[in-house]
Amino acid sequence: MNARLTVCFAFAVAAFNLVGCATVSPPRGDFALIPISTANSSNIHVESARLAEIDRQLAIVGRVRKLYRNPVGSIHVDVTFLDVEGNQIATKTTRVHFSQSRIGRPPPARFSLLVETWPEGTAEIVVGPHSDENHE
């Protein structure tokens, strides 16, 4: 029982120390007006995707979910930047790691992609998850 209390206390102290490490807030200015759409794959869906500021840097953040429990290989999210005419300006990629689930499908996985250099002329952002084995 003492060991359990010690572990709980250690987690509480660790959580308290992490508070304030990253500040997440809504984006400011024209970036807040850029629409974000999703392009789901056959076995992975985007539950949410939004633009945010993390420590004063723009980022695309969200959650993806596997539709089936079966492994689908290594999973990543492509973030595609489009201009007004729908032409691709740039694509950036970030890996997604799901936690293991013994029963049912795993919980959604979070992703975040810091955008260090914003592609000029971006009018829309498309977020699409893919497995490396089945890049649609």
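Within this structure, ARG4 fails the test of being over 30 Å from GLU120 (Cβ atoms), touching a Lys or Arg at 6+ places or on another chain (Cβ under 6 Å), modelled with pLDDT under 75 and charged (D, E, K, R).
Only one of the numbered conditions (1) of a type in the set (Gly, Ala, Ser); (2) at pLDDT 85 or above; (3) in contact with a Lys or Arg (Cβ under 9 Å, 6 or more places away or on another chain) is violated by ALA39, and that is (3). Listed by first and then second residue, the pairs with beta-carbon distance under 7 Å, at least 6 apart or on different chains, first residue in the stretch 60-78 and on the phi > 0 side of the Ramachandran plot, second surrounded by 18 or more Cβ atoms within 10 Å (Cβ to Cβ) and modelled with pLDDT under 80, are GLY73/SER131. The set of residues in the stretch 125-136 that are surrounded by 15 or more Cβ atoms within 10 Å (Cβ to Cβ) and either touching a Gly at 6+ places or on another chain (Cβ under 7 Å) or modelled with pLDDT of 90 or more (or both) comprises ILE125, VAL126, VAL127, GLY128, PRO129, SER131. For VAL46, the requirement of being part of a strand (DSSP E or B), touching a Lys or Arg at 6+ places or on another chain (Cβ under 7 Å), modelled with pLDDT of 80 or more and among the β-branched types (Val, Ile, Thr) is not met. Filter the stretch 46-59 down to the residues that are acidic (Asp, Glu) and without any contact (Cβ under 8 Å) to a residue 60 or more places away in the chain, then identify the one that is surrounded by the most Cβ atoms within 10 Å (Cβ to Cβ). Among them, the one singled out is GLU53.
The values are calculated or read from the model by the stated rules, or taken from the named source; none is laboratory data. This structure is a prediction, so every number in the text was calculated from the model and none was measured. Reconstructed Cβ throughout: ideal geometry from the backbone, glycine too, with neighbour counts over all protein chains shown.
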